[in-house]
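The values are calculated or read from the model by the stated rules, or taken from the named source; none is laboratory data. Just so it is clear, the model here is predicted, and its values are computed rather than measured. Cβ sites come from the backbone with ideal geometry, for glycine too, and all protein chains shown count toward neighbours.
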Amino acid sequence: MTMERLPWIAEDPAALRLFELAEKVAVAPTTLLITGESGTGKDHLARLVHELGPRRDAPFLKIDCASLPPHLVESELFGHERGAFTGAVERKLGTFYATCMDSTAASSVSAIKRPIVIVSK
């Protein structure tokens, strides 16, 4: 599936600086946290960084954390093992693990009310 590349239309000096920064960070092997008020283009910027980076041909997945049921957030994002809780009849890879070689944008992270504890094994 070929998707049209995302345009970045800017004449404002601040927007042009943001584009230059996106070009630099897109090629870095790092995690990026984009913060800002609602409606300021965070999702658009995340998609732009994806399009400018080496993963441009890999899927770009957007997760709206506000739409996840509070009791399933941890399982949806990080996965679970069979028997981890009632109803976990089989192992399920979480979104972050399943997309580890792709780009994942998680929006409305502040909507997650339940604390998430990550234990490295």
Could you list, in sequence order, the residues of region 35-79 that are over 30 Å from ALA14 (Cβ atoms) and of a type in the set (Phe, Trp, Tyr)?
-> PHE78
May I ask you to say which residue of ARG56, ARG17 is among the basic types (Lys, Arg) and part of a loop (DSSP other than H, G, I, E, B)?
-> ARG56
Flagged in region 21-43 as surrounded by 13 or more Cβ atoms within 10 Å (Cβ to Cβ) and within 13 Å of the chain's Cα centre (by Cα), in numbering order, are LEU32, ILE34, LYS42, ASP43
Flag for HIS50 being at pLDDT 85 or above and either among the aromatic types (Phe, Trp, Tyr) or out of contact with any strand residue (DSSP E or B) (no Cβ under 9 Å at 6 or more places or on another chain) (or both) | no
Take region 20-53 and flag every residue that is touching a residue at least 12 places away in the same chain (Cβ under 8 Å), not in a loop (DSSP other than H, G, I, E, B) and not small (Gly, Ala, Ser).
-> GLU23, VAL25, LYS42, ASP43, HIS44, LEU45, ARG47, LEU48, VAL49, HIS50, GLU51, LEU52
From the set of residues in region 46-66 that are surrounded by fewer than 19 Cβ atoms within 10 Å (Cβ to Cβ) and of a type in the set (Gly, Ala, Ser), which is nearest to THR31 (Cα to Cα)?
-> GLY53
